[in-house]
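**Student:** Below: one structure in structure tokens.
Bear in mind these aren't lab numbers, they're just calculated from the coordinates by the rules spelled out. Since the model is a prediction, treat every value here as computed from it, not as a measurement. Neighbour counts run over all protein chains shown; Cβ positions are idealised from the backbone, glycine included.
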Amino acid sequence: MDDFSTHNKTNYFGLRPSPNNKILPGKRPLSSTVPTIVENENGGVELVIGGSGGSRIITGVLQIILNSLVYDFPLNNAVDRGRLHHQLLPDYVEVESSYGEEIKKALVEFGHKVEDMPVMECVVQAIHKVAKDTIFAVSDVRKGGVASGY
């Protein structure tokens with residue numbers, strides 16, 4: 001039921017209640033889930049990715065897409081790298097502890113409030129096509145998952 005808004009009560013992830021997400025008969029809650037298929041320039045599937053973790057899903061999935069497809073990290077490294085999250089309210093950046101003090105200090109210098117997170121509560125699973133007939137799947141170590149294929 002935490003996916004719905006409860007009057008005057010923030011949810012587990014610190015999101016304030018929204019009238020658009022109040023509990024009503026037959027209503028489905030709003031969701032941050034972003035199952036994503038990224039295509040290459042020829043329309044072929046390049047990456048399939050999704051996650052769990054409430055409001056942190058969107059930033060987690062986006063960071064892995066950037067790490068993998070823009071910064072060319074191997075998919076397992078892209079998923080395992082540290083994560084950042086800011087959801088506007090509450091007004092602070094969550095920084096996973098794997099980031100060094102330099103990053104945290106730079107964020108503070110840019111005017112951000114920083115909250116240390118030992119481990120981000122968003123876990124992501126992804127499949128990347130690395131060659132014509134080869135795919136590589138990764139399950140986030142933050143939840144102890146493993147990827148398997150048949």
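**Student:** Any chance you could list P(r) for the chain, counting all Cα-Cα pairs in 10 angstrom bins from zero, rounded to whole %?
**Tutor:** Each 10 Å bin holds this share of Cα pairs: 10, 34, 31, 20, 4, 0.
**Student:** So if we plug the beta-carbon distance of F73 and Y12 into 1/(1 + (r/R0)^6) with R0 = 30 Å, what FRET efficiency do we get, rounded to 0.05?
**Tutor:** So, using R0 = 30 Å, E works out to roughly 0.50.
**Student:** Assuming a strict under-29 Å limit between Cα atoms, what lysine pair count do you get for the chain once near-sequence pairs (fewer than 8 apart, same chain) are dropped?
**Tutor:** Eligible lysine pairs with Cα atoms under 29 Å apart amount to 10.
**Student:** Stretch V119-E101 to full length: gain in nm at 0.36 nm per residue minus the Cα-Cα span?
**Tutor:** Roughly 4.9 nm would be gained on extension.
**Student:** Can I ask one more? Mind giving me the FRET efficiency for S31 and D91? R0 is 22 Å, r the Cβ-Cβ distance, nearest 0.05 is fine.
**Tutor:** 0.40
**Student:** What whole number of Å gives the distance from the Cα centroid of the stretch 96-129 to the Cα centroid of the stretch 50-84?
**Tutor:** 11 Å
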